[in-house]
Structure formats: structure tokens, C-alpha cells
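*Asks:* So that we are looking at the same thing, I have put the structure below in C-alpha cells.
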Amino acid sequence: MVLTKETMPMLARTSHTHWPIRNDHCFQRVVLDAVCGGVWYDYVLQPAYKHLTQDQAAKAVELCEAILSGVTDLGVLNQQSLAWRGKIRVIKKTDLGNGPSSQR
């Protein structure tokens, strides 16, 4: 929890200002959603830190480390998390070319 509660928010405010999120609860949302493959509280009882399996906790740490090292794109994970929550619409490749301009 130190990674999402302290380390990542601190970096977001200093050396990683390009990250799309800054707050600890946002990092926790993104990481937990990615680990669960959807809105985390549909899969894990609250509070998550008390109810994650060892495997889920290990995957969360691995994901945080991948984000910190730049191997995993935090922006992509954030977009997916927001899409799972109905906050944004994700444009799929199949949606492209179906609009009025594709009728030419």
C-alpha cells in the first residue's frame, strides 16, 4: 500500500508530472481494477487491502513496479479503469470507419 498511498502520488507531483492522476485513491483504483480485470469492488470485499488474495496483492505490487519503471503505461490503465466504470467511452477499432465520413 506504500506504493499507491505514498510513493506514486509523491512522484506524480515531482518527477512524473506527465502521469494523468495524482491522488492515492486514484492509483489504488487503477491498480486494483487492472488486477481484478474490472471494477475492483465487484470482485473484492472492501477494504481491499484486507481482502486481497496473496496472488492479487503480489500482482498489484508487480503492476506498481511496472508503472514506476515505465514498462506499463499508467495512462492506458487509467483509461481502461474509467471505461469499466462508465466514466468514458472507449473507441474501439471496429467503431472506426463507420461514421458519415466513411461513406465517401
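Residues are listed down the side, and each one gets a yes or a no for (1) exposed (fewer than 15 other Cβ atoms within 10 Å of the Cβ); (2) not in a helix (DSSP H, G or I):
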{"residue": "Ser15", "(1), (2)": "yes, yes"}
{"residue": "His18", "(1), (2)": "yes, yes"}
{"residue": "His25", "(1), (2)": "yes, no"}
{"residue": "Val30", "(1), (2)": "no, no"}
{"residue": "Val44", "(1), (2)": "no, yes"}
{"residue": "Lys59", "(1), (2)": "no, no"}
{"residue": "Glu65", "(1), (2)": "yes, no"}
{"residue": "Val71", "(1), (2)": "yes, yes"}
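*Asks:* Taking Trp19, is it in contact (Cβ under 8 Å) with a residue 40 or more places away in the chain and within 20 Å of Arg85 (Cβ to Cβ)?
*Replies:* For Trp19, the condition - in contact (Cβ under 8 Å) with a residue 40 or more places away in the chain and within 20 Å of Arg85 (Cβ to Cβ) - is met.
*Asks:* So is Ala60 of a type in the set (A, V, I, L, M), closer than 13 Å to Phe27 by Cβ and in contact with a Ser or Thr (Cβ under 9 Å, 6 or more places away or on another chain) or not?
*Replies:* For Ala60, the condition - of a type in the set (A, V, I, L, M), closer than 13 Å to Phe27 by Cβ and in contact with a Ser or Thr (Cβ under 9 Å, 6 or more places away or on another chain) - is met.
*Asks:* So Val76 passes all but one of these: (1) surrounded by fewer than 16 Cβ atoms within 10 Å (Cβ to Cβ); (2) among the β-branched types (Val, Ile, Thr); (3) part of a loop (DSSP other than H, G, I, E, B); (4) modelled with pLDDT of 95 or more. Which condition number does it fail?
*Replies:* Every condition holds for Val76 apart from (3).
The values are calculated or read from the model by the stated rules, or taken from the named source; none is laboratory data. Not measured: the values here are computed from a predicted model. So basically every Cβ, Gly included, is an ideal-geometry build from the backbone, and we count neighbours across all protein chains shown.
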